[in-house]
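Student: Before we start, here is the structure in question, set down as C-alpha cells.
The values are calculated or read from the model by the stated rules, or taken from the named source; none is laboratory data. None of the values given here were measured: they were computed from a predicted structure. As a convention, Cβ positions derive from the backbone with ideal geometry for all residues, glycine included, and neighbour counts pool all protein chains shown. Please note that ligands, DNA and RNA were not included when accessible areas were found on the heavy atoms of the full protein model with its side chains. Shrake-Rupley method; radii C 1.70, N 1.55, O 1.52, S 1.80 Å.
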Amino acid sequence: MKQNGKWKAVIFILIVVGILIGNHYFGWSDYLGDMNRLMKIKDSVEDNTAAVFAIYTVITIIGCVVLALPGVTFALFAGMLFGPWKGILACLFATTLGAAMAFLVGRFFLKDAVKPMLEKNKILKKLLFTKDGKSELVVLMITRMVPIFPYNLQNFAYGITDIGFWKYTAYTFVFMFPGVSFFTIGAAGLTAGEDKWKYFLTAAVLAVLVTAAGLLIRKKFLKEEPEERTQAVILFTRVPEAGKTKTRLMPYLTGEECKELHMAFLKDIRMALQSVQADRYVFFTPPEKEAEIRELLPDMEGYYPQSGDTLGDRMQQAFEEIFRKNYQKAVLTGTDIPQLTAADYEEAMKLLDTNDVIISPTEDGGYYLIGMKAAEDIFDVPHYGTNTVWEDTVANIEKRGRKAGFGNSHLDIDTKEDLEVFTKRLEEGKVSAPHTEAWLKQRQREECIHCGKCTRSCLFLEKYHMDLKGFLEHPELAYHCFLCGRCTAVCPKGIDGREIALQHREQKVKSEGNRVTDPAYRAILWEKNQYQFANYKNASYESVLFTGCNFVSFYPKTADYLIQELRQRGIGVLYECCGKPTAELGAGKDAEVHLQQMERRLKEAGVKELIMVCPNCYYYMKGRVNLRLVSIYDKLAELGMGQRIPGGLPFYYPCPDREEKVFLKGIRRFMEAEERDAFPEVQCCGLGGCAVAKEPALAKEMEKLAEAAGEAELYTYCASCVSNFRRNGYGRAEHVLSKILNVQEKVPLGVTPILHRAVRKWK
Ligand code: SF4
Ligand code: SF4
Ligand code: SF4
C-alpha cells in the first residue's frame, strides 16, 4: 500500500514536470494569460452564449489549475465577457469545477504518500488532520477568502487532507463568492457605459467587506497556532510486559497483573502530562517494543529507545538528546508515581527558574523527578536502587557548584507494602490516580461475596435479579445503570457499579468504531460533544463562574443576578459543558480532548480559578483540569454574599456529592441549623447516567419514592435534579442557590430550558 502511494506521487511529479516543459516550449500560459486574445471571444457571446461559457470554463480550468495562472485574470475576464452577474456565476462554476478536479487528482496521486509526511509536523497536523474536520474547514475558508496561497497548489493540497469531496466542493463555491464577486463586478465596470461608477462602488464595498472578513478570520483563527514550546518532559519507562515489569510486586500480584498495573500508571501519567505546557518524549526499553509504547502513549512528541549501560548513563543520554532540540528546560520522570499531577510538573519547571537542577525525592530515599536547564553531568552515583540515591545525587550536584531545588516528596510504588499504603491514600482521597484506582477496584470486584446488599439498594439491579458481579456479565445493560453510586456506598468490598457500567459503555463505543451509535443519545451528543452554545467572551478573568449547561437552562433569572453581582467583583463567566455527559455515554476520549481544549483556552486567557455551580461538573472536572475549582457556596461565603436560610429544611442530596459532600458543606455555611436527610430512600432523581432513555419506568419509580416521603417541599443543589422532579410531577422541588440568593424563580419545562441555554452563546 505504502509502495503504491509512492508510485502515484512519482507519476504525479512526472506529469507536472511534463506540463512545465511543454509550457516552456509552447508558451501555453502566455497564450491563455493574454487578456486581448481572450477578449476576442467576447464578440461571439451575443451569438452563442452557451458555447462561449463552455470555452471559458475549459480555459479557466486549464489556466488556473494546470498552468498556475492567477485566478484573478479569469474573474476579470468573466466580468468583461458576461457582465457582472452572469460573470460571477461563470467564474464560480469554472473555478469550483477546476478546484474539484484538482482535489481528486491530489487525493488519488498524493494522499497516501504525502499525508504521513505532513502529519509529522505538529502544526500542519493540527490544522489539516483534525478528527472533526473543523480545522480543515477554517483553513479552507481562510485560504479561499484571503488569497495568501497560490490557488492551484491549494486545490491539490486539499486532496491530501481528510476533508470530504462534496463538503470541500460546496464550501469552495461558497467561500470564493465574495472574492470572485469583487473582481467580476469591478471588471464589468471597466466595459460598462454610463453606469461605471455603480459597478466600481459595488466592487469597492465588496473589497472592504472581503478585507474586513479576511482580517477578522485571520485574527480569530490564525492566532491560535500553538506556540513553540521551550520545555520538555521526558518519561522514562520499561514497556509493560508480563513477568518483566513491576516484578517486585510479585508474587503478591501475578505477572499479568503487574503488567496491567503498570499500564494503568502510564495512563494516569499520560493524563496528567496532557495539561502540562511542555512537549513530551518517551525513552523506553526494550528497543524492539516501540509499537507497543506508541499504542499506549499515542500523543508524545518523540519515542526513543534508552541507550547506555547504567541507569545514570541512560538518563544522561536522554537529557543530551532533548537539549540538542534547543529546549530551555527539561524534566525527567519515571513511571512508579501515578499520583503526580500537572501542577507537580509545572512546579518543577518553575523551580528551574531559580535553580540549576531540580531533584524531587521519593519517600524511600530515591527520586521521582529530575530536571535541568542544560545537560549536566551528575548521574555517576555509586549504586542505583538504594535509599541514598537522592542524597548521593544532590551531593554530586553541589560538588559541581550547581544549585539544587527540591519538589514535594512522593511515594513510589515498588512493593506490596507501597501498593497497600497507596490504596489507602486513594480511598482517603489524599491522592488521585483515576486509572490506577479503577484497576485496583476492578481487581477488588473479583472478591464479591454475594451478600446481595447492592441488589437490595438498587432498583435497576433488583429488576434484573443480579448483584454487581452479575452486572459484569451483562454488557448489554450498559446504559440501564443510573450511575448513582448507591451500590458502592453499601458494598462491604467497595465494588463500584458506576465503574462497571462505564467500562461496558466504553467497550461498546470502542467496538463500534469509537462512536456512540444509539439514536437515543444523538441529540445530547450533538449538543454537548463540543458544546454548541459555548461562550468564552466574558471568561478572561482570573476567577470565572462556570455555570454548566443546566443551571442557566432552568434558573436563568438567578444565573443573571449571580453573574451581574460577580461581575461587579471582577469575576467573569463561562458558558461551557464540562464534558461529563459525553464521557458518561462512553466517549471518554472525546470528553478528554474537549476538556484539554477548554483548559488551554482558559489558561491562555489568564484564568486561575473556576467557581462551580453544578456538583456534576465539579466532581467530573476535579483532577482532570489543572485549575483551582471552588464550589459557588464557598465562594459566596468568601465574598460575604447570600442570605442565611433556616435549618431543618428537607434536603435531597444529588448523587455526585454524597460521598465527599464538598457542596453540602459549603451550603451549611448559610444554614441556621443542619438540614434534614428527608429522602434517604430515593436512589437518584431519575436523570443519572442518561439511563432514563432505557429505563423510563424505573426513573418514574425513583421520583415516586420522593413523593412517598410525604414532605411538603424538597431542596437540592443540582438544577437537573430539580427539573426532573418537577417534570415528573413533584412541583415543590427547589434549588437552594435561589433561596440563598433570594431570587424567586420557578423551573420552566418543555423546550424553554433549551432556549435559555442556547441564548447564552450570544450573551
Ligand atoms: S454488595 Fe458488594 S459484595 Fe455484596 S453482592 Fe454486591 S458487589 Fe458483591
Ligand atoms: S450505580 Fe446506581 S444504578 Fe448503577 S448499579 Fe449502582 S446503585 Fe444501581
Ligand atoms: S454536568 Fe451537567 S450541567 Fe454540568 S456542564 Fe455537564 S451537562 Fe452541563
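Student: Scan region 545-563 residue by residue and report those that are buried (at least 24 other Cβ atoms within 10 Å of the Cβ) and more than 11 Å from ligand 3 (Cβ to nearest atom).
Tutor: Leu545, Tyr555, Ala559, Leu562
Student: Condition first: assigned to a helix (DSSP H, G or I) and either open to solvent by 20 Å² or more (accessible area, probe 1.4 Å) or within 16 Å of ligand 3 (Cβ to nearest atom) (or both). Now tell me which residues in region 458-469 satisfy that. Walk me through it before giving the result.
Tutor: Filtering region 458-469 for residues assigned to a helix (DSSP H, G or I) gives 459-463, 468-469.
Those that are assigned to a helix (DSSP H, G or I) and either open to solvent by 20 Å² or more (accessible area, probe 1.4 Å) or within 16 Å of ligand 3 (Cβ to nearest atom) (or both): Leu459, Glu462, Lys463, Lys469.
Student: Asn616 fails exactly one of the following numbered conditions: (1) farther than 20 Å from Cys721 by Cβ; (2) within 16 Å of ligand 2 (Cβ to nearest atom). What is the number of that condition?
Tutor: It is condition (1) that Asn616 fails.
Student: I'm trying to understand the selection: among the residues of region 564-621, which are among the charged types (D, E, K, R), open to solvent by 40 Å² or more (accessible area, probe 1.4 Å) and in a loop (DSSP other than H, G, I, E, B)?
Tutor: Answer for region 564-621, where residues must be among the charged types (D, E, K, R), open to solvent by 40 Å² or more (accessible area, probe 1.4 Å) and in a loop (DSSP other than H, G, I, E, B): Arg569, Lys608.
Student: Could I ask something else about it? Among the residues that make up region 494-504, is at least one of them closer than 15 Å to Gly689 by Cβ and in a loop (DSSP other than H, G, I, E, B)? Steps first, answer last, please.
Tutor: Of all residues in region 494-504, those closer than 15 Å to Gly689 by Cβ come to 496-504.
Remaining after also requiring in a loop (DSSP other than H, G, I, E, B): 496.
Yes; the residues of region 494-504 include at least one that is closer than 15 Å to Gly689 by Cβ and in a loop (DSSP other than H, G, I, E, B).
Student: Step by step: first the residues of region 511-526, then only those that are outside any loop (DSSP other than H, G, I, E, B) and touching a residue at least 40 places away in the same chain (Cβ under 8 Å), then the one that is least open to solvent (accessible area, probe 1.4 Å). Which residue is that?
Tutor: Taking region 511-526 as the starting set, the residues that turn out to be outside any loop (DSSP other than H, G, I, E, B) are 511, 519-526.
Retained after the next criterion (residues that are touching a residue at least 40 places away in the same chain (Cβ under 8 Å)): 520-521, 524-525.
On the way: Ala520: 56, Tyr521: 6, Ile524: 50, Leu525: 29 Å².
Among those that are outside any loop (DSSP other than H, G, I, E, B) and touching a residue at least 40 places away in the same chain (Cβ under 8 Å), it is Tyr521.
Student: Going by the structure shown, is Glu473 within 26 Å of Asp518 (Cβ to Cβ), open to solvent by 60 Å² or more (accessible area, probe 1.4 Å) and free of Cβ contacts under 8 Å to residues at least 12 places away in the same chain?
Tutor: Numbers: within 26 Å of Asp518 (Cβ to Cβ): yes; open to solvent by 60 Å² or more (accessible area, probe 1.4 Å): yes; free of Cβ contacts under 8 Å to residues at least 12 places away in the same chain: yes.
Here the answer is yes, as Glu473 does meet what is asked.
Student: Let me ask something additional. Look through Arg280, Arg294 and report the one residue that is basic (Lys, Arg) and surrounded by fewer than 18 Cβ atoms within 10 Å (Cβ to Cβ). Before the answer, list the steps.
Tutor: Numbers: Arg280 fails: surrounded by fewer than 18 Cβ atoms within 10 Å (Cβ to Cβ).
Just a single option satisfies the conditions, and that option is Arg294.
Student: Could you tell me which of the residues Lys399, Lys403 is closer than 26 Å to Asn355 by Cβ, open to solvent by 60 Å² or more (accessible area, probe 1.4 Å), over 32 Å from the mean Cα position of the chain (by Cα) and in contact (Cβ under 8 Å) with a residue 40 or more places away in the chain? Show your work before the answer.
Tutor: On the way: Lys399 fails: in contact (Cβ under 8 Å) with a residue 40 or more places away in the chain.
Just one listed residue meets the conditions, Lys403.
Student: Is it fair to say Lys430 is surrounded by fewer than 17 Cβ atoms within 10 Å (Cβ to Cβ), within 16 Å of ligand 1 (Cβ to nearest atom) and of a type in the set (Lys, Arg)? Working first, answer last.
Tutor: Values: surrounded by fewer than 17 Cβ atoms within 10 Å (Cβ to Cβ): yes; within 16 Å of ligand 1 (Cβ to nearest atom): no; of a type in the set (Lys, Arg): yes.
The answer is no for Lys430.
Student: Looking at region 644-763, what helices (runs of 4 or more DSSP H) fall wholly within it and have at least 1 residues that are modelled with pLDDT under 95, in contact with a strand residue (DSSP E or B) (Cβ under 6 Å, 6 or more places away or on another chain) and open to solvent by less than 40 Å² (accessible area, probe 1.4 Å)?
Tutor: Working: elements: 662-668, 696-708, 719-727, 736-741, 752-759.
Those helices (runs of 4 or more DSSP H) span 719-727.
Student: Moving to a separate point now. Can you tell me which residue among Phe103, Phe93 is open to solvent by 20 Å² or more (accessible area, probe 1.4 Å), modelled with pLDDT of 75 or more and in a helix (DSSP H, G or I)?
Tutor: Phe93
Student: Restricting attention to region 244-267, report how many residues are part of a loop (DSSP other than H, G, I, E, B) and open to solvent by less than 40 Å² (accessible area, probe 1.4 Å).
Tutor: Narrowing region 244-267 to residues part of a loop (DSSP other than H, G, I, E, B): 244-246, 250-254.
Then drop every residue that is not open to solvent by less than 40 Å² (accessible area, probe 1.4 Å), which leaves 245-246, 253.
Of the residues in that region, 3 qualify.
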